[in-house]
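Data first, discussion second: the structure below is written as structure tokens.
The values are calculated or read from the model by the stated rules, or taken from the named source; none is laboratory data. Values in this document were obtained by computation on a predicted structure and should not be read as measured data. Because the Cβ atoms are built from the backbone with ideal geometry, glycine has one as well, and the counts that use them run over all protein chains shown. Ligands, DNA and RNA are stripped out before the accessible areas are found, and what is left, the full protein with its side chains, is counted by its heavy atoms. Shrake-Rupley method; radii C 1.70, N 1.55, O 1.52, S 1.80 Å.
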Amino acid sequence: MQVFDASSMIHAWDNYPVEQFPGLWEWIAEEITSGRLVIPSVAFEEVSHKVPECCVWLRGNNIERIDVTNAILQEAMNAKALIGVVNDSYHPKGVDENDLLIIATAKIKHADLVSDEAKQPALSINEPTKRKIPAVCALPQVGVNCINFIDYIKRSQAVFR
């Protein structure tokens, strides 16, 4: 199973238009139908606000939206404490509450997270709140495999003609 972050869904929608890449979108629809691709409800809402027509397509293909559960909320709170966010003082260059819920969803579902947030090659241990999704996922205590959209496609070995 793959859990999609809003950044990857928006990236796919913006860079691979359905009209020009119908085979790719047919494959994504099959991934949705088979249950191999899901999206957290908070990520779905982000996509809805930024690219409503993408959400229409996702709804039309019956994407499974994962709601926040107590287990997901607890994992998100653990990650929040791990990176040192106090109260709701998220760093503007780091993850926010929705990002932590998305990461926690992938962890609870034992799934890979597909996110197109930029990787951070050099992180200061003194500023853990500046970590973006891939860096939080890579923390040993979090342990979520995070890949971007292109790696998701490559790993699938799907061929689009």
Review point. Dipole of segment 12-75, Cα-centred, from +1 at each Lys and Arg C-beta and -1 at each Asp and Glu C-beta, to the nearest 20 debye?
Key: 80 debye
Review point. So, with +1 on the Cβ of K and R and -1 on the Cβ of D and E, and no other charges, what is the size of the charge dipole of segment 1-119 about its Cα centre, to the nearest 20 debye?
Key: 280 debye
Check your understanding: Helix 22-33 versus the longest principal axis of the chain: what is the Cα-based angle in degrees, 0 to 90, to the nearest 10?
Key -> 60 degrees
**Study point:** Order of exposure, largest accessible area first, which applies to Ile103, Ile150 with probe 1.4 Å
**Key:** Ile150, Ile103
Point to revise | Separation between Cα centres of segment 69-129 and segment 1-49, rounded to whole Å | key: 21 Å
Revision key, fill the gap. Along segment 103-117, Karplus-curve 3J(HN,Hα) (6.51, -1.76, 1.60; θ = phi - 60°) to the nearest Hz, with x for Gly and Pro, reads 4, 4, 4, 4, 5, 5, 7, 6, 10, 6, 9, 9, 9, 9, 5
Check your understanding: For the Cα atoms of the chain, what angle does the longest principal axis make with the long axis of helix 6-15, in degrees from 0 to 90, nearest 10?
Key -> 40 degrees
**Study point:** Positive-end residue of Val144, Pro22, Met1, charge dipole of the chain with Cβ unit charges
**Key:** Val144
Check your understanding: Among the Cys residues of the chain, which have no other cysteine Cβ under 4.7 angstrom away?
Key -> Cys54, Cys55
**Study point:** Protein-only accessible surface order, largest first, of Val86, Val68, Val47 at 1.4 Å
**Key:** Val86, Val68, Val47
Exercise for review: Would you work out the relative contact order for segment 1-155, in percent, from Cα pairs under 8 angstrom that are 6 or more residues apart?
Suggested key: 27 percent
Check your understanding: Which one of Gln74, Val86, Ala122 is farthest out on the positive end of the charge dipole of segment 73-138, using unit charges on Cβ (Lys, Arg +1; Asp, Glu -1) and the Cα centre as origin?
Key -> Ala122
Exercise for review: Over the chain, with every protein chain in place, what whole percent of the accessible area is carbon and sulfur at 1.4 Å, could you tell me?
Suggested key: 50 percent
Practice item. Return the aspartates and glutamates within reach of Lys119: Cα separation strictly under 14 angstrom, same-chain partners fewer than 8 residues apart disregarded; answer none if there are no such residues. Key: Asp151
**Study point:** Summed side-chain charge close to Ser48 - residues other than Ser48 whose Cβ falls under 13 Å, Lys, Arg +1, Asp, Glu -1
**Key:** 0
Practice item. Enter the accessible area per residue of the chain (Å², integer; probe 1.4 Å; all protein chains in place). Key: 53 Å²
Exercise for review: Can you tell me the order of 135-142, 19-26 when each peptide is scored by its average per-residue count of other Cβ atoms within 10 angstrom, highest first?
Suggested key: 135-142, 19-26
Review point. How big is the chain by the Kirkwood estimate over distinct Cα pairs, in Å?
Key: 16.1 Å
